[in-house]
Ligand SMILES: Cc1cc2nc3c(=O)[nH]c(=O)nc-3n(C[C@H](O)[C@H](O)[C@H](O)COP(=O)(O)OP(=O)(O)OC[C@H]3O[C@@H](n4cnc5c(N)ncnc54)[C@H](O)[C@@H]3O)c2cc1C
């Protein structure tokens with residue numbers, strides 16, 4: 001049996017950041033990170049993220065948490081570890097009513113955290129602010145008469161951030177990485193054992209005793225930190241603990257080609273960011289647009305909830321299709337799933353491989 005002070009399950013961004021901070025705060029602690037994927041880290045949702053960051057939230061707690069993360073990442077990048085962090089802004093195309101509400105006006109008063117962007121500026125950035133009646137009917141999109149631009153916001157490369165945390169854990173020492181090791185049942189133990197066969201019984205208070213792994217071993221720790229995102233529900237179900245989360249598929253489409261290149265290299269809205277437009281969201285439908293400077297492409301994502309079950313496709317096959325050959329525009333999905341385009345083109349998706 002392997003024994004540690006703390007076992008973190010999952011080597012995505014949450015698990016790696018947890019292991020890093022736990023070790024940094026407790027230098028004598030013996031920590032393990034257990035990850036089911038083979039040989040490496042951040043191959044779950046972290047690898048599939050659109051990776052926009054922002055500190056504009058209606059909840060003050062969220063604002064504090066995100067501001068502190070952003071300043072930590074900024075320091076890491078300034079220390080010479082390139083996280084691909086760009087402060088190109090976060091643009092909410094949410095309309096006049098939204099920008100005039102109290103919370104947003106508070107952001108604007110708070111020392112330049114955000115500013116209102118008028119329709120002319122949005123149009124100059126390449127957006128159609130007045131969709132035709134056909135587009136409105138088809139896509140259910142509104143006119144955009146104003147937006148909100150967050151300044152301390154932008155994009156990051158999550159694989160670089162994960163690599164930073166993993167590297168720092170190894171540099172500090174005392175953090176063991178058990179890759180290719182899936183945690184199976186959590187073994188529960190009564191808080192007050194009666195030493196009677198069949199424990200724990202329904203009415204006893206329990207805590208996690210050990211973890212079984214796919215390698216046939218058992219791991220014991222003083223504390224367990226589950227950082228398994230959407231897999232947490234399945235991991236906890238046998239214990240009767242509800243994680244209050246369910247998986248829902250999201251898709252990110254990478255679109256590249258001559259028609260799209262002007263969207264990637266456009267005069268910036270945030271001062272000092274060369275030629276990069278902001279991470280942009282149409283909140284009414286959860287449509288996002290993220291410039292991807294490395295490949296000169298744009299990522300699009302839609303929160304398409306209707307009729308989509310709470311289910312989960314682990315490792316779908318890869319694929320890319322040219323959608324409009326006359327313009328050489330191509331679209332590939334960076335996340336799991338399948339898109340039906342204009343009724344006659346099915347697009348199969350590749351997994352995005354993250355490591356450099
Ligand atoms: C399409 C999409 C777009 C997104 N866009 C954004 C965005 O713009 N901004 C933003 O902030 N967030 C965004 N997110 C959310 C963000 O990516 C996730 O919140 C974040 O990556 C979660 O990290 P994690 O470490 O909790 O999970 P994961 O990265 O999924 O890591 C969980 C790990 O646990 C491992 N694991 C699971 N079960 C077990 C087991 N039994 N034993 C051992 N290991 C196990 C998995 O293999 C995985 O490596 C987006 C997510 C998606 C899918």
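Descriptive notes on the structure:
- Matching residues in segment 13-40 - criterion: being surrounded by 24 or more Cβ atoms within 10 Å (Cβ to Cβ) and near the ligand (Cβ under 7 Å from one of its atoms): 15, 34, 35
- Residue 83 vs. criteria within 16 Å of the ligand (Cβ to nearest atom) and either touching a strand residue (DSSP E or B) at 6+ places or on another chain (Cβ under 7 Å) or not in a helix (DSSP H, G or I) (or both): yes
- Going through (1) under 30 Å from residue 69 (Cβ atoms); (2) assigned to a loop (DSSP other than H, G, I, E, B) one by one, residue 128 falls short only on (1).
- Residue satisfying condition, being in a helix (DSSP H, G or I) and either assigned by TED's automatic domain parsing to the domain that holds residue 302 or closer than 30 Å to residue 179 by Cβ (or both), within set 61, 103, 76, 33: 76
- When each of 199, 192, 176 is tested for being surrounded by 13 or more Cβ atoms within 10 Å (Cβ to Cβ) and in a loop (DSSP other than H, G, I, E, B), the lone residue that passes is 199.
- Across segment 293-309, the qualifying residues are those that are more than 26 Å from residue 143 (Cα to Cα) and in contact with a helix residue (DSSP H, G or I) (Cβ under 7 Å, 6 or more places away or on another chain), and the one among them that is farthest from the ligand (Cβ to nearest atom) is 296.
- Residues in segment 245-270 that are in a loop (DSSP other than H, G, I, E, B) and modelled with pLDDT of 75 or more: 245, 246, 247, 248, 249, 250, 257.
- Filtering segment 100-115 to residues that are farther than 10 Å from residue 148 by Cα and in contact with a helix residue (DSSP H, G or I) (Cβ under 7 Å, 6 or more places away or on another chain) leaves only 113.
- Residue check, residue 7 within 17 Å of residue 208 (Cα to Cα), more than 9 Å from the ligand (Cβ to nearest atom) and either outside the structural domain of residue 289 (by TED's automatic domain parsing) or touching a residue at least 60 places away in the same chain (Cβ under 8 Å) (or both): yes
- Leading residue by the ranking (nearest to residue 26 (Cα to Cα)) among those in segment 207-244 that are assigned to a helix (DSSP H, G or I) and in contact with a strand residue (DSSP E or B) (Cβ under 7 Å, 6 or more places away or on another chain): 232
- Pairs are defined by a Cβ separation below 6 Å, a sequence spacing of at least 6 or placement on different chains, a first member in segment 246-266 that is within 23 Å of residue 232 (Cα to Cα) and away from the ligand (no atom under 12 Å from the Cβ), and a second member that is at pLDDT below 80 and assigned to a loop (DSSP other than H, G, I, E, B); no pair meets this definition.
- Condition check for residue 94 on (1) in contact (Cβ under 8 Å) with a residue 40 or more places away in the chain; (2) farther than 30 Å from residue 185 by Cα; (3) within 14 Å of the ligand (Cβ to nearest atom); (4) not in a helix (DSSP H, G or I): one failure, at (3).
- Verdict on residue 149 being assigned to a helix (DSSP H, G or I) and touching a residue at least 40 places away in the same chain (Cβ under 8 Å): no
The values are calculated or read from the model by the stated rules, or taken from the named source; none is laboratory data. Every value quoted in this text rests on a predicted model; they were computed, and no experiment measured them. Here Cβ is always computed from backbone atoms with ideal geometry, including for glycine, and neighbour counts include all displayed protein chains.
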